[in-house]
Amino acid sequence: MAQGDKSAYTDKQKRKAEHIEEGYEHRGVSKEEAEKRAWATVNKQDGGGNKSGSGRANHKKD
(Lines give C-alpha, C1' and ligand atoms only; values in the text may rest on other atoms or scores of the structure.)
Protein backbone atom coordinates (compact mmCIF):
# COMPACT_ATOMS: atom_id res chain seq x y z
CA MET A 1 0.00 0.00 0.00
CA ALA A 2 1.11 3.56 -0.60
CA GLN A 3 2.65 5.60 2.17
CA GLY A 4 0.34 6.81 4.87
CA ASP A 5 -2.23 5.33 7.18
CA LYS A 6 -5.59 4.90 5.45
CA SER A 7 -7.53 4.32 8.69
CA ALA A 8 -8.75 7.94 8.69
CA TYR A 9 -10.74 7.35 5.50
CA THR A 10 -14.36 6.24 5.39
CA ASP A 11 -15.36 2.92 3.85
CA LYS A 12 -16.94 4.86 0.99
CA GLN A 13 -13.67 6.71 0.30
CA LYS A 14 -11.75 3.42 0.36
CA ARG A 15 -14.19 1.84 -2.12
CA LYS A 16 -13.96 4.91 -4.35
CA ALA A 17 -10.15 4.72 -4.36
CA GLU A 18 -10.26 1.01 -5.21
CA HIS A 19 -12.64 1.63 -8.10
CA ILE A 20 -10.50 4.48 -9.46
CA GLU A 21 -7.37 2.33 -9.10
CA GLU A 22 -8.96 -0.49 -11.09
CA GLY A 23 -9.81 1.98 -13.85
CA TYR A 24 -6.21 3.16 -14.09
CA GLU A 25 -4.90 -0.42 -14.13
CA HIS A 26 -7.37 -1.26 -16.91
CA ARG A 27 -5.81 1.57 -18.93
CA GLY A 28 -2.33 0.08 -18.48
CA VAL A 29 -1.01 2.11 -15.54
CA SER A 30 1.19 0.14 -13.11
CA LYS A 31 -0.36 -1.06 -9.83
CA GLU A 32 1.77 1.30 -7.73
CA GLU A 33 1.11 4.36 -9.88
CA ALA A 34 -2.60 3.55 -10.12
CA GLU A 35 -2.86 3.43 -6.33
CA LYS A 36 -1.06 6.76 -5.94
CA ARG A 37 -3.30 8.40 -8.51
CA ALA A 38 -6.45 6.91 -6.97
CA TRP A 39 -5.70 8.27 -3.49
CA ALA A 40 -4.70 11.64 -4.93
CA THR A 41 -8.06 11.76 -6.70
CA VAL A 42 -9.98 10.86 -3.52
CA ASN A 43 -8.09 13.52 -1.58
CA LYS A 44 -8.78 16.12 -4.25
CA GLN A 45 -12.51 15.29 -4.44
CA ASP A 46 -13.21 14.72 -0.74
CA GLY A 47 -10.56 16.83 0.96
CA GLY A 48 -8.79 13.89 2.63
CA GLY A 49 -9.93 11.55 5.41
CA ASN A 50 -12.54 12.01 8.11
CA LYS A 51 -12.76 15.42 9.67
CA SER A 52 -13.83 15.86 13.26
CA GLY A 53 -16.33 18.43 14.46
CA SER A 54 -19.95 18.92 13.54
CA GLY A 55 -21.00 21.50 11.04
CA ARG A 56 -17.61 21.93 9.41
CA ALA A 57 -17.89 24.65 6.81
CA ASN A 58 -16.79 23.93 3.28
CA HIS A 59 -15.17 27.16 2.11
CA LYS A 60 -14.28 26.76 -1.52
CA LYS A 61 -12.32 29.37 -3.42
CA ASP A 62 -13.98 30.47 -6.63
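Derived scalar couplings between HN and Hα for the stretch 38-45 equal 4, 5, 5, 5, 4, 4, 5, 6 Hz in order, rounded to whole Hz, by the Karplus curve 6.51 cos²θ - 1.76 cosθ + 1.60 (θ = phi - 60°), x for Gly and Pro. Remark: the stretch 8-19, residue by residue, has Karplus-estimated 3J(HN,Hα) of 7, 8, 6, 4, 5, 5, 5, 5, 4, 4, 5, 5 Hz, where x stands for each Gly or Pro and the curve is 6.51 cos²θ - 1.76 cosθ + 1.60 at θ = phi - 60°.
Exposure check, 1.4 Å probe, all protein chains in place: D11 carries approximately 100 Å² of accessible surface.
The values are calculated or read from the model by the stated rules, or taken from the named source; none is laboratory data. All of these numbers come straight from a predicted model, not from anything done at the bench. SASA here: full protein model, heavy atoms, side chains in, ligands and nucleic acids out. Shrake-Rupley method; radii C 1.70, N 1.55, O 1.52, S 1.80 Å.
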